[in-house]
Amino acid sequence: WLQPKRVVVQYGKAAGIELEYTEIVDGKLVGTGETIHIEADQIFKAIGQTFDLSSLNSTGSTVRLEAGKIVVDAEGRTSLPKVWAGGDCVGVGEDLTVSAVAQGRDAAESIHRALMMMAEAPVAAAE
């Protein structure tokens with residue numbers, strides 16, 4: 001129930017964000033006039049978007065979808081080998097930046113483990 005009002009800048013850099021509380025009045029979301037300031041040195045604008053699966057599906061394999069979202073396991077792996085996904089294109093968690101960042105971290109850790117396993121696997125001798 002907060003809407004951004006302005007980015008606070010000091011010395012040419014982000015220093016925080018001012019947000020206004022909102023409420024529903026006559027079916028519309030409106031500001032209450034009451035604001036809050038949150039200190040921050042980085043601010044990301046989240047935007048709604050759609051994703052194009054054509055590059056993933058160009059190999060003849062298709063990524064599994066449910067309700068228009070990519071299906072992933074607990075580590076972010078998709079139905080395609082060596083492909084992870086997270087954020088608002090997947091069907092787990094909430095559509096929040098914080099959730100997307102956590103999913104990215106989890107996927108990065110899973111990718112690291114997969115690469116380490118590949119590096120440790122014995123190389124088959126050529127016959």
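What spacing in nm lies between the two simple spin-label points modelled at residue 62 and residue 24, each 7 Å away from Cα in the Cβ direction?
So the label points at residue 62 and residue 24 sit 3.7 nm apart.
Got a sec? What order do 20, 75, 66 fall in by accessible area at 1.4 Å, biggest, i.e. largest, first?
Numbers: 20 20, 75 55, 66 100 Å².
Final ranking, largest accessible area leading: 66, 75, 20.
For segment 65-120, restrict the atom set to alpha-carbon positions and state the Rg and Dmax in Å.
Rg and Dmax of segment 65-120, Cα atoms, are 11.6, 38 Å.
The values are calculated or read from the model by the stated rules, or taken from the named source; none is laboratory data. Everything numeric in this text was worked out from a predicted model, so none of it was measured. Positions of Cβ are backbone-derived with ideal geometry, glycine not excepted, and every protein chain shown enters the neighbour counts. The area values use the complete protein model at the heavy-atom level, side chains included, leaving out ligands, DNA and RNA. Shrake-Rupley method; radii C 1.70, N 1.55, O 1.52, S 1.80 Å.
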